[in-house]
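Beneath this line is the structure, given in structure tokens, with notes to follow.
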Amino acid sequence: MTQSDTTHDDFLGGRVRLRQPRDGYRAATDPVFLAAACPATPGASVLELGCGVGAAGLCLAARVADLRLVGVERQPTYAALARENAGAAGADLWVVEADLTALPADLRQEQFDHVIANPPYFAAGDGSRAKDAGREAANREETPLASWVATARARLRPGGWLTMIHLAERLPDCLAALTDGFGAITVLPLQPRPGRPSNRVVIRARRSARTPFTLLAPFLIHEGNMHRADAPDFTAQAQAVLRDGAALPFFGDD
């Protein structure tokens, strides 16, 4: 992919800079929220399924020091950009080009403290297809959501955490997939504006845990009921996450 086919975009107030396709799937706020929700601590190992250009992993590395990061990405162009972005950032991110249902043998021997994922939002056959093949592959579910969760479970150590972000309308599918082998399931709805329904959910679940399900109060992203000026209108709490690299507030976290 040539330089003219890509852009350089800043995240976390410039702490993370990514080269990504100009017209294909482009990382925005969702991978930042995903990274902010992962409860990793220094020295932990983290596997990202479907890492794209590395946005979530590199945002997580900017917040938490001394992580071992592995990203799995099936699209060669995006995997190459993820490697380039990690190298430019000096981050310990190993990118594996593979389908998550057919991981290399050496990776299948490993277990991780955390798995993070932003699975494709749209089920097969839902809605119109994107013109760009990379965007379509990133957004359209070809591998069932249950397979994403099963792969995560297989790669997590007992007590390890899975963190995902998905559409609110897909929450029932997410919860159904998590019934096998996960507990301590906590859902944080992301509410775009006051008075509007949440359109995203961040989900954390712990392998082999038995703690009951928790539904948190919504996290409000924007001020006001509509965008009124040509300027950002993030709430203070959203700005802390998206610009300053703060963690998302989950009940029970220190």
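The values are calculated or read from the model by the stated rules, or taken from the named source; none is laboratory data. Given the structure is predicted, the values throughout are model-derived calculations rather than measurements. Glycine gets a Cβ as well: all are built from the backbone with ideal geometry, and neighbour counts include every protein chain shown.
Quick notes on this structure:
- Members of region 39-90 found to be among the aliphatic types (A, V, I, L, M), in contact (Cβ under 8 Å) with a residue 60 or more places away in the chain and not in a helix (DSSP H, G or I), listed by number: A40, A44, V46, L47, L49
- Any hit, region 225-247, residues being touching a helix residue (DSSP H, G or I) at 6+ places or on another chain (Cβ under 9 Å), over 23 Å from L145 (Cβ atoms), surrounded by fewer than 16 Cβ atoms within 10 Å (Cβ to Cβ) and not small (G, A, S): yes
One line per residue, one yes/no per condition, for (1) of a type in the set (F, W, Y); (2) more than 15 Å from A89 (Cβ to Cβ); (3) crowded, with 19+ Cβ neighbours inside 10 Å:
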| site | (1), (2), (3) |
| --- | --- |
| F11 | yes, no, yes |
| G24 | no, yes, yes |
| A28 | no, yes, no |
| A35 | no, no, yes |
| P42 | no, yes, no |
| L47 | no, yes, yes |
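- Only a single item in (1) closer than 17 Å to L107 by Cβ; (2) modelled with pLDDT under 95 is not met by G57, and it is number (2).
- Long-range neighbours under 6 Å by Cβ, at least six apart or interchain, first residue of a type in the set (A, V, I, L, M, F, W, C) within region 216-245, second at pLDDT below 95 and in a loop (DSSP other than H, G, I, E, B): L216/F251
- When A28 is tested against (1) free of Cβ contacts under 8 Å to residues at least 24 places away in the same chain; (2) assigned to a helix (DSSP H, G or I); (3) of a type in the set (G, A, S), just one condition goes unmet, and that condition is (2).
This table checks each residue for (1) modelled with pLDDT under 60; (2) within 19 Å of the chain's Cα centre (by Cα); (3) among the β-branched types (V, I, T).
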| site | (1), (2), (3) |
| --- | --- |
| A124 | no, no, no |
| K131 | yes, no, no |
| A137 | yes, yes, no |
| A146 | no, yes, no |
| A150 | no, yes, no |
| M164 | no, yes, no |
| R170 | no, yes, no |
| I185 | no, yes, yes |
